Amino acid sequence: MSILIDFGRDTEFSFERRLRGYVEAVAKAVGVGLESCAFDPGTPAAAYIALDWRLSRFPDHDLALVWDERHGWAAAIEGAAGDPSTVLAHLGGEAVPEVRAVVRFLAAVRADDPGAGELEAPVLLEAGDHERLLNALAARQ
């Protein structure tokens, strides 16, 4: 009997660690802690950052940053209990942009800047290419 042991990098384990680190960096940059975050390294990978802000045009709804590997970052307002979030704008550009770009995007959304992002969800990557995402995340940390 032969046993093959791969001592190389475990892509999914590394991807999960890098995704968590990236989401934590974005959360810290926008002023919240990791306790305000959730992430799913599955396919499609996704993340959520609850924010302590509300927009003047939606005073009854909390604001959040949401991310997925296909569309990148978006700003969303929380729905009523059990209702899905409503995306207000997508950052676009890259699936894994620099943290500063996410901060600038959020500032523009909070300022009701009409040029803050895109209304339509851009398709930036195909879901499931975690090796490619791992490389993009490594470049951001």
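The values are calculated or read from the model by the stated rules, or taken from the named source; none is laboratory data. All values reported here derive from a predicted model rather than from experimental measurement. Cβ sites come from the backbone with ideal geometry, for glycine too, and all protein chains shown count toward neighbours. Calculation scope for accessible area: heavy atoms of the full protein, side chains included, ligands and nucleic acids excluded. Shrake-Rupley method; radii C 1.70, N 1.55, O 1.52, S 1.80 Å.
Observations on the model:
- Taking every alpha-carbon pair under 8 Å whose residues sit at least 6 apart, the stretch 71-141 reaches a relative contact order of 34 percent.
- Cα-based equivalent ellipsoid, the stretch 35-118: semi-axes from gyration tensor eigenvalues, Å: 19, 17, 11
- Kyte-Doolittle mean at least -1.0 and Cα axial length at least 20 Å: DSSP H helices in the chain: 11-29
- Sequence-distant residues sharing a close amide H with Val32 (under 5 Å, placed H): none
- Charge tally around Arg104: other residues with Cβ under 12 Å, Lys/Arg +1 each, Asp/Glu -1 each, net 0.
- For the chain, the solvent-accessible area of protein heavy atoms averages 58 Å² per residue (probe radius 1.4 Å; ligands and nucleic acids excluded).
- Values of log10 I(q)/I(0), in the order q = 0.20, 0.22 Å⁻¹, for the chain under a Debye, Cα-only, solvent-free model: -1.23, -1.46
- Accessible area of Ser36 (1.4 Å probe, protein heavy atoms only, ligands and nucleic acids ignored): about 30 Å².
- Across the protein chains, with a 1.4 Å probe defining accessible surface, the residues Tyr22, Tyr48 rank Tyr48, Tyr22 from largest area downward.
- For the stretch 33-90, the carbon plus sulfur part of the accessible surface works out to 50%, probe radius 1.4 Å.
- Radius 14 Å from Cβ of Ala46, net charge of other residues (Lys, Arg +1; Asp, Glu -1): -2
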